[in-house]
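The values are calculated or read from the model by the stated rules, or taken from the named source; none is laboratory data. Model, not experiment: these values are computed from the prediction. We place every Cβ from the backbone using ideal geometry, glycine too, and count neighbours over all the protein chains shown.
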Ligand SMILES: Cc1cc2nc3c(=O)[nH]c(=O)nc-3n(C[C@H](O)[C@H](O)[C@H](O)COP(=O)(O)O)c2cc1C
């Protein structure tokens, strides 16, 4: 076992006790130890490539994914770690979220990139604010990855939260063009980060933010319809997305030539998810949301992500699009049963974040092998 596998196992035993200490202790401890862990994890190569049954392979857009499950955005923000997850058996390697300029991420008082695990509830809160090295640097690093068959590379990108109006649009567009020149196989447009301030307006005749509609049209006209090669672009929304928004979004995305939707990102529906928490973890949960806000992730999201995927799939079926359009499910995935349910609900692929680390703590690098 590697040091990283041992430290994950050790942490699994201690985490429940640490997480219920006064909030500032676990937040400080896990915000910094997460960074240490990830830095070392990226270079902790499994000694072998774990082979998964061929029946797990998924083919979309001419790409082969060695399994229907891979990391959600936010783990490989810095683009390192491809070979680690490829050997583990991940269906793909998703980098980012990257933004036009480098970002240090959120700092409040002396809390830098705050993160709080809620292990008894199999969930977590984070308020990172998209720290990353920026489009240009990440694109350079991507070119150094030794890509292998059946593990495509994706990049999650977002507009710079500090940009507004036309600057936000043109900087975002630059990202599409920059990554189109790399060995990236698909792009995920992150329209869902709860930890940065978005420009927001209400519209009288639509359930969608007019600025979102404008952005989607802009990306379509300036990039999607001009694509010279097959480079699928999917859009990620929060699991908080409403059914009436899904009914409007799916036809919009299809008509604009997007290739899929990911549901979804973390939730800010704190009052609802509070009901799913272990009572011992509620005080620290409240401390975190009152101080930072942040995104809620993990097991309690699983019914919501499943339900919203089913709604998206039904909407898509009624539309019967002529081009390939897929649905990805993210949120609360932790067991093989979840993947089976995803398939029945219409999800082509799945991503995991919180559940991945839970499973890594038990299985180490055998994480996908044991999962399937
Ligand atoms: C610490 C942390 C950082 C995250 N960063 C990103 C990010 O940069 N971009 C993104 O689209 N989602 C990000 N997410 C959201 C995850 O990709 C995922 O959508 C969410 O955690 C729900 O999945 P889960 O229940 O499996 O954790 C982050 C989540 C966590 C916990």
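Observations on the structure shown:
- Test: residue in segment 3-25 that is at pLDDT 95 or above, touching a helix residue (DSSP H, G or I) at 6+ places or on another chain (Cβ under 9 Å) and within 24 Å of residue 238 (Cα to Cα): no
- Candidates 100, 117 - the one that is modelled with pLDDT of 95 or more, surrounded by fewer than 24 Cβ atoms within 10 Å (Cβ to Cβ) and not in a helix (DSSP H, G or I): 100
- Among the residues examined, residue 69 does not qualify as modelled with pLDDT under 95, within 16 Å of the ligand (Cβ to nearest atom) and either within 23 Å of residue 80 (Cβ to Cβ) or surrounded by fewer than 15 Cβ atoms within 10 Å (Cβ to Cβ) (or both).
- Those residues of segment 120-146 which are within 13 Å of the ligand (Cβ to nearest atom), outside any loop (DSSP other than H, G, I, E, B) and over 11 Å from residue 288 (Cα atoms), in sequence order: 121, 123, 132, 138
- Filter result (part of a loop (DSSP other than H, G, I, E, B) and either within 11 Å of the ligand (Cβ to nearest atom) or surrounded by fewer than 17 Cβ atoms within 10 Å (Cβ to Cβ) (or both)) within segment 147-159: 147, 148, 149, 158
- Scan of segment 271-283 for residues that are out of contact with any strand residue (DSSP E or B) (no Cβ under 6 Å at 6 or more places or on another chain) and either surrounded by 13 or more Cβ atoms within 10 Å (Cβ to Cβ) or more than 16 Å from residue 26 (Cβ to Cβ) (or both), ordered by number: 271, 272, 274, 275, 276, 277, 278, 279, 280, 282
- Some residue of segment 263-276 being within 14 Å of the ligand (Cβ to nearest atom) and assigned to a helix (DSSP H, G or I): yes
Matching residues to (1) buried (at least 23 other Cβ atoms within 10 Å of the Cβ); (2) touching a residue at least 24 places away in the same chain (Cβ under 8 Å); (3) within 9 Å of the ligand (Cβ to nearest atom); (4) not in a strand (DSSP E or B):
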residue: 323; (1), (2), (3), (4): no, yes, no, yes
residue: 329; (1), (2), (3), (4): yes, yes, no, no
residue: 339; (1), (2), (3), (4): no, yes, no, yes
residue: 347; (1), (2), (3), (4): yes, yes, no, yes
residue: 351; (1), (2), (3), (4): yes, yes, yes, no
residue: 355; (1), (2), (3), (4): yes, yes, yes, yes
residue: 362; (1), (2), (3), (4): no, yes, no, yes
residue: 367; (1), (2), (3), (4): yes, yes, no, yes
